[in-house]
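For reference, the structure discussed in these notes is given below.
Read the figures in this text as sums done on the coordinates, not as results from a lab. Here the structure is a predicted model, which is why all the values come from computation and not from measurement. Please note: Cβ atoms are built from the backbone with ideal geometry, for glycine as well, and neighbour counts cover all protein chains shown.
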Amino acid sequence: MLQSHLRASTLRGWVSRQDCPAVLRELKLLFDKSFGTTLDNHDNGSILVDGDEMDWEPDIIPDELSQIVGQHVKTHAHFRYQGVVYSRASTHRGNSLVQYYPNNKMASPAVPGSIQYIYSDKGGKVFFAIQRQSRLPSDIVDPFRLYPHIPASMWGSQLQQELEIVDPSWIFSHYARYTIDAQACVVLSLSQVGIEIIASSCCTDLNTSGEYQHNIISVPVDCINLLIALPSFYPISCFGSTLCTMSNHANMLIYHYQSVRHINKPST
Amino acid sequence: MTDTPSWVSRAPKSFGEASAGTIKAAEWRSLAMIYLPIALTLAWADKGTSATEQHLKAALDHTMTLFSATRLACLRVTSEERIKACEEYFIQYLRDLQKLHPHINMRTNFHMAIHIPDFLRLFGPVFSWWTFPLERFIGTLLRMPTNDRIGEKDISPRSFDCLIQCF
């Protein structure tokens, strides 16, 4: 039993590597499809629109959505992007809670909001219509401010009325929400990388377009979609030179990084 | 109730009671990362000035030190700054442990926790070397039907299922 577990783990590691023969990777896709394990979508920067993953509905567009995007869209209950499932609030409230960069600006801090609608336009491109969490009333003190490394903060428990249209690639992470009362709720980021690294080291390396640096090697798979979304003119900011030590996932992550450069090569 | 995405493992409903059974490693993790920091902060922070409330506030600060260290240690990207902060949190937690909870004896685990920052420096983020895969394997083993005879071959179709689960 232990041996078969170890062999399966080693095999799994091997088929995830860049130097694995293409035929084996093809077989892994078939294996995943046959046995229903989670699809590994990391190496695919495009949005997957898969019939199995999306519930199509009749074209009855809610008024508040049609006022912004018109009638010629289709709404969906779920959408899988880069291996993560997002849902609208009426279907699964937890899966609808996302932190995102508002107004397509990476420089602004990520704000929490709840996906109200998921829709695709004529070209099949999918967008989220998100209502932002309202600000905390000024008379309430946030007790989480004392703990800088706990990514929790208090927000208003109501959602703003306005719908914001957000591209899935501008989603930063999911968050957990605990509603205290009618005024306040706790928002806890579920990001597994931490915001400062995404805003600093990745951008620095992507924009210098110079030599490939070791500190980028340990960037995990789940922030790749943000790298792709980075505009090439993003200002360079360096937070530290010694960022990561090399992990044994190095090869896999080098591959991801190089693919990012290929997709979004800086013009300077 | 805390709203969480479907990929977050749930906390046991009867946490703290005997009926909750053994808390699994993944459950401890989501408790320390999500549920306990929210619950304890809301319950113990800034409630008043009496001796009991002050003690609870100190206990909260102390526990949050451990949660901060855990979070820093579990991030999928690490840096020297993060490792140093994690180390300081661990040391601060152990130093205050004796003051706040003098009845607790020091255990080997406490000593081992101090070494985690060294391993972060050596091997990188814990994601690539933590033992959750083996924990999952133990879970698979526990769920397997056996005939209680050691040394005989098990030819149940579950063996193949186990292989698939490894993927």
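Data for the structure
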| item | result |
| --- | --- |
| Estimated distance in nm for a label pair at residue A:24 and residue A:78, the labels positioned 7 Å out from Cα along Cα-to-Cβ | 3.1 nm |
| Shielding score for A:78-89, defined as the mean number of other chain Cβ atoms within 10 Å | 1 |
| Diffusion coefficient, µm² s⁻¹, Stokes-Einstein with Kirkwood Rh over alpha-carbon pairs of chain B at 4 °C and 1.567 mPa s | 68 µm²/s |
| Electrostatic dipole magnitude of segment B:45-124 [Cβ: Lys, Arg +1; Asp, Glu -1; Cα centre; debye, to 20] | 160 debye |
| Candidate lysines - alpha carbon under 19 Å from residue B:57, same-chain residues fewer than 8 apart omitted | B:47, B:99 |
| Fewest-first sequence of A:181, A:32, B:3 by Cβ atoms within 10 Å of each Cβ | A:181, A:32, B:3 |
| Net charge contributed by nearby residues that have their C-beta within less than 12 Å of residue A:153 (K/R +1, D/E -1) | +2 |
| Fully extended contour minus Cα-Cα distance, from residue B:143 to residue B:112, at 0.36 nm per residue | 8.2 nm |
| Computed E for residue B:84/residue A:142 - FRET, C-beta separation, R0 35 angstrom, nearest 0.05 | 0.85 |
| Chain B: DSSP helices with Cα axial extent of at least 20 Å and average Kyte-Doolittle hydropathy no lower than -1.0 | B:51-74, B:80-100, B:108-123 |
| Sum of side-chain charges, residue B:44 neighbourhood, beta-carbon under 14 Å (Lys, Arg +1; Asp, Glu -1) | -1 |
| Reachable lysines from residue A:74, criterion Cα separation under 21 angstrom, eight or more residues apart if same chain | A:122, A:125 |
| Order of B:103, A:78, A:149 - criterion: other Cβ atoms within 10 Å of each residue's Cβ, fewest first | B:103, A:78, A:149 |
| Under-5 Å amide H pairs with residue B:76, H placed in peptide plane, nonlocal only | A:193 |
| 17 Å Cα-Cα reach of residue B:24 towards lysines, excluding residues that sit fewer than 8 places from it in its own chain | B:13 |
| Label-to-label distance, nm, for residues given as residue B:135 and residue A:91 (7 Å Cα→Cβ offset) | 3.0 nm |
| Packing-based order for B:72-78, B:32-38, using average beta carbon neighbours within 10 Å, highest first | B:72-78, B:32-38 |
| Order of B:141, A:190 - criterion: other Cβ atoms within 10 Å of each residue's Cβ, fewest first | B:141, A:190 |
| Phi-based couplings in Hz for segment A:165-172 (Karplus 6.51, -1.76, 1.60; Gly and Pro marked x) | 8, 10, 6, x, 6, 9, 6, 8 |
| Calculated FRET efficiency for the pair residue B:14/residue A:69, C-beta based, R₀ 56 Å, to 0.05 | 0.75 |
